[in-house]
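The structure under discussion appears below in the form of structure tokens.
No value in this document is a laboratory result; all are computed from the given coordinates. No experiment lies behind these values; they were computed from the predicted model shown. Positions of Cβ are backbone-derived with ideal geometry, glycine not excepted, and every protein chain shown enters the neighbour counts.
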Amino acid sequence: MKARTTSSGLEAAVGGPWAPGGCERLITKDEIYGQLQELGEINHSDLVVDGGNVVVAKTKVILTEKVFRENPEWKPAEVREHFRETFHNRTCIIIRTEPLDPIGHSDGLVRFLDDNRVVVNDYSKAEPRYGRRLERALAEHGLEINRLPYRPDKRS
């Protein structure tokens with residue numbers, strides 16, 4: 001999607017440019033925006049962002065580094081500043097994409113419990129190095145981390 005925020009503070013994640021593994025890029029059509037009027041004012045952005053790669057709290061927004069690959073014409077500092085402005089002065093936190101994840105969305109890695117606490121997968125057995133990096137990146141922004149069991153090889 002092209003990143004959007006609304007005057008009510010809700011984010012409108014309505015599809016958008018998405019091309020994992022060479023799939024066709026899908027762009028949200030303008031007529032869809034009219035269906036979202038009840039959310040309030042919609043701000044458009046020129047950045048290419050998947051809706052699932054935006055996790056938002058009151059003062060923070062989390063994305064994976066995938067946003068840099070999808071916007072090579074933007075410098076990383078410009079991407080961060082653009083998100084700060086687009087998301088009403090929220091701090092932009094960039095985390096690494098999970099190893100071997102073809103989608104690269106932040107919403108499969110982290111969720112806000114509130115503005116200062118997040119829940120993440122417990123990577124201590126599956127990907128300990130990645131887990132440490134993820135938790136370090138979140139902790140650098142003052143977030144309290146709560147782990148959930150992560151067992152990608154088990155069906156439950």
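Quick one: if you stick a label point 7 Å off each Cα along the C-beta vector at GLU85 and LYS125, how many nm between them?
4.7 nm
Classify segment 50-149 from the C-alpha gyration tensor, please: rounded if a/c falls under 1.5, else prolate or oblate depending on whether a/b exceeds b/c.
oblate
If each of GLU65 and GLU78 carries a label point 7 Å out from its Cα toward its Cβ, how far apart are those two points in nm?
Going by the 7 Å Cα→Cβ label model, 2.0 nm.
If amide H atoms are built 1.01 Å from N in the plane of the peptide, which residues on other chains or at least 5 residues away come under 5 Å of the amide H of THR91?
LYS60, VAL61
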